[in-house]
Amino acid sequence: MTQRPYFGTGCSPSGMGPVSQGRARARKIAFLLFGTLALPLIAVYPGTALPPAAVEWERVYGGAFMDEGSGLALAPGGGFLLCGYSRENASVVSSDAWLLRIDGNGAALWNRTFGGERYDSFKAIAGTRDGGSILAGATLSFTPGSSQAAWLLKADPEGKEVWNRTYGNGATLASVLETPDGGYIAGGTTRGGDAYLLRTLSDSTPVWERTFGGPASDWAGSVTLTSDGGFALTGTTLSFGTGNGYERMIWLIRTDGNGIELWNRTYGGIRMNYGYSVEEVPGGGFIVAGYADPNVSHQNRTVYLVRTAADGTLLWARTPGDHGLDEGWSVSLMPDGGYLVGGISWTKAFLQKTDREGNLLWDERVGAASNSYFTAVKQAPDGGYIALGSAEREPNNFDLYLVKFAPEVPRPVADFSAVPGSGKVPLQVQFLDSSLNSPTVWAWDFDGDGMVDDTSENPLHTYARAGLYSVTLTVSNAAGTNSTVKHDLIAALLPLPGCISAPTDPDGDGLFEDVDGDGRRSFNDVVLFFQSMEWIANYEPLRCFDMNRNRRIDFDDVVKVFQEL
């Protein structure tokens, strides 16, 4: 890896919260580390499922001390926006919120830091319609006393601050989105243990703040827009569900556009169930990702996907890729209706793809021998996937960890053509593969006997015996195998007695009325057919001359040839 210096940019908060004077001092120089990691991969997928998307590149970004990645957004014009926090010393009570712009190959274009003298962190980022970004997190630097505050910061396309503001003394924000009117919706948790929902105008002015919860501790992190102009917030509750005060349940809260609760639902089994990420599903309903653990010891965690109807009714729950210690931290809806899930499995970061019913298609684990995890996953513009999280560089010191997965290779779709389709024995036929989705292996059966006759892409085959042949092509690539059969495709024929050329099929209906092979139908064909009926029955493929389809050669076939004149 190479080293690249970065310099933090001072932050001058506006709106709520005092301005820290400490930022006037010169920032220490830290280092941005980025490069390709040579990390082991563990691919796990059922034999009947798709193989995982291949890792295209991996990058880490960070300095000499603790750095963590939390939020990910697609950047306008290509590349990615990352956010998290960065420490410039060993202090555990001081950090800067961090924003980076990365190109499509993982190279850092610029990075900015924001904050004061104490702990400041970004947890989420979303692109905005002006080409900039909105970031959400928490700050201790710009709030009185020892309590943190929910924090929003608006950045321009170059990552420079437009405004920042604090809200909800003691709260922290874990997600943010731009609303259709240009304002913002952010979700998080209050210091007192309630779910927290914040709505602002585009200039940071708060429109309303809402809290949701019960007598025990409850918290939330992920918010999504709904098609009717409302919002959905997911998290974890001790107050609702079983109601026993110690069994945690995945929690989904649905509000209208003013943040007024319409309903809330809980999901999960016994003991520990956590909800981390939610998206609305087209046509209504929601997908929630988290994890479930039936043991209070946290030794049997598994990814937990919950699919609901529009009213919160449970449609199904799945535990894809159960490896004993999996936690799903981010879910993203895919164009094919399936779901992309990222998180942590023991010490590995993982990325999973499921179908629309939550059935696992593939599961890929990446990362160094020490801890790594993904907190945000999305589909990349090229159809691949991008995943952000953190990777442990040394004990208790992490760097931002970004992995680009290449687009999945779809299963091939077999197809081919053959020239010529009929002719005189020995008949040489050129086969041309036209299969879709880039097959890498070909298997040809030229005569329908179930045996592979050739494995080249575009073979040339000679038919030495008269017959009507079906041809099968089977193609394969990393994603799977597909076959196609073209029945009665090749007609290898003999010239009739007294003729030089083999019969032809002038109208392309599979019947060879031009029995003398002169390229046209004439009365001579009728006479020759009549004189050669027994010979045709013995030496030519029956289906090519059975004009009335009664599975034998007889006088009615002669009549049919006459009628075709």
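Read-outs: derived from the displayed coordinates by stated rules, not from any lab. Predicted model, so just to flag it, every value in this text is computed and none were measured. Glycine also receives a Cβ, built like all others from the backbone with ideal geometry; neighbour counts cover every protein chain displayed.
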Relative contact order (%) - the chain, alpha-carbon pairs under 8 angstrom, separation at least six: 9 percent
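Once a ≥ b ≥ c are taken as the square roots of the eigenvalues of the Cα gyration tensor of region 506-565, is the result rounded (a/c under 1.5), prolate (a/b larger than b/c) or oblate (a/b not larger than b/c)?
Numbers: a/c = 1.39, a/b = 1.27, b/c = 1.10.
Since a/c stays below 1.5, the shape of region 506-565 is classed as rounded.
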Gln531/Glu564 FRET efficiency (R0 25 Å; Cβ-Cβ; nearest 0.05): 0.90
Efficiency of FRET from Cβ geometry, Ser501 and Ser456, R₀ 51 Å, rounded to 0.05: 0.95
Mean ellipticity per residue at 222 nm, deg cm²/dmol - from DSSP H runs of n ≥ 4 across the chain, formula -39500 (n - 2.57): -1000 deg cm²/dmol
q = 0.11 Å⁻¹: log10 I(q)/I(0) that the Debye formula gives for the chain, counting C-alpha atoms only: -0.93
Label point distance in nm, Asp130-Arg551, each placed 7 Å from Cα along Cα→Cβ: 8.0 nm
Where Rh is the Kirkwood radius over Cα pairs, Rg/Rh for region 409-493: 0.99
Cross-link partners of Lys123 among lysines (Cα-Cα below 26 Å; sequence separation of 8 or more within a chain): Lys28, Lys154, Lys160, Lys348, Lys353, Lys378, Lys404
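Considering just Cα atoms, how many Å³ per residue does the convex hull of region 329-372 enclose? Before the final figure, lay out the partial values.
Numbers: hull volume 2.7 nm³, N = 44.
It is 62 Å³ per residue.
Can you sort Asp181, Asp557 from fewest to most other Cβ atoms within 10 Å of each residue's own Cβ? Could the numbers behind the result be given before it?
Working: Asp181 11, Asp557 23.
By the 10 Å Cβ count, ascending: Asp181, Asp557.
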Spin-label model distance (nm) - Arg191 vs Ala406, 7 Å beyond Cα toward Cβ: 5.2 nm
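Using the Kirkwood radius over C-alpha pairs as Rh, can you work out the diffusion coefficient of region 355-446 via Stokes-Einstein at 37 °C, viscosity 0.692 mPa s, in µm² per second? Provide the component values of the computation, followed by the final result.
Working: Rh = 17.9 Å.
Estimated diffusion coefficient is 183 µm²/s.
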